[in-house]
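The values are calculated or read from the model by the stated rules, or taken from the named source; none is laboratory data. Being a predicted model, the structure only gives us computed values, none of them experimental. When we count neighbours, we look across all protein chains shown, and the Cβ atoms used for this are built from the backbone with ideal geometry, even at glycine.
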Amino acid sequence: MMNSEQQNWIPYQMKDVVDVNDAKMSVRNYIEQKDLRCYLSLINNKRKINAAAEFGCGYGRMTQVLTEFASKVIGLEREQSFVNEAVTLIPNVTFIQVNDLSSKILSGDTFDVIITFTFLQHLIDEQAQKVIKEMIRCLKTHGHILICEETDETQIFGNIHDPLGQCTIARSVEKYCEYFNPLVLELTAPRRIEPDYPRENTGTYMIFRK
Ligand SMILES: C[S@@+](CC[C@H](N)C(=O)[O-])C[C@H]1O[C@@H](n2cnc3c(N)ncnc32)[C@H](O)[C@@H]1O
């Protein structure tokens, strides 16, 4: 298997994880972590979350919220530099560097909750479908997948055909329902970020149940 030093993809950098800095970034992190906590509470009230994972976790910005609910938390990320930061800063989460997030790294039928946060939108269609298939395999029966992704279909940038390139592909909620089939969509809610962001529709929270 290729290791991260032999990477042949265009690497993501800190500036690609959150596209604002300083005060705006603090406000965005606060709002997004608060909203994620709220949706995880809804899930936890229905069915206790013991084990949770984030696919495409970056440096663990949102993964940390999972530790408020689950005793076992795993973050999967392609960029070794993000994993290095996360391992040092968030020691109660297991972070794993993975070149291809559709590969079978985790055991099947293991997690009560799996999340993605502005990750699937950066995968080309074929990759996204393979990664989603893997997420579903790792999820326990009756478990939940919570995603927060761009859904305004005008937001399409970069090379949308090269799996090693960089792109953004906003997909409608209907498209994600198709990709997550046979999981059932239980909830949608708008993504909220800092109020002075130049665009209004910045994505949607979607909760699917297996
Ligand atoms: C916008 S960042 C979001 C990170 C984290 N979920 C957060 O909200 O802070 C997108 C993440 O997806 C990862 N990523 C992007 N394209 C990828 C691909 N084709 N395969 C695997 N990971 C990818 C990047 O390394 C990056 O960490």
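Whether a residue is closer than 18 Å to Glu134 by Cβ, within 12 Å of the ligand (Cβ to nearest atom) and surrounded by fewer than 19 Cβ atoms within 10 Å (Cβ to Cβ) was assessed, and Asn99 passes this test. For Phe157, indicate whether it is under 14 Å from the mean Cα position of the chain (by Cα) and at pLDDT 95 or above. Answer is no for this residue.
Looking across segment 160-210, the residues that are charged (D, E, K, R) and under 15 Å from His144 (Cα atoms) come down to Glu186, Arg209, Lys210.
Are any residues in segment 42-63 surrounded by fewer than 21 Cβ atoms within 10 Å (Cβ to Cβ), touching a residue at least 12 places away in the same chain (Cβ under 8 Å) and among the polar types (S, T, N, Q), and if so, which ones? Within segment 42-63, Asn44, Asn50 qualify. Listed conditions (1) over 23 Å from Val173 (Cβ atoms); (2) near the ligand (Cβ under 10 Å from one of its atoms) are all met by Ser107, apart from (2). For Thr141, state whether it is more than 16 Å from the chain's Cα centre (by Cα) and β-branched (Val, Ile, Thr). Judged against the criteria, Thr141 is a match. For segment 51-68, the tally of residues that are more than 9 Å from the ligand (Cβ to nearest atom) and more than 13 Å from Ile114 (Cβ to Cβ) stands at 4.
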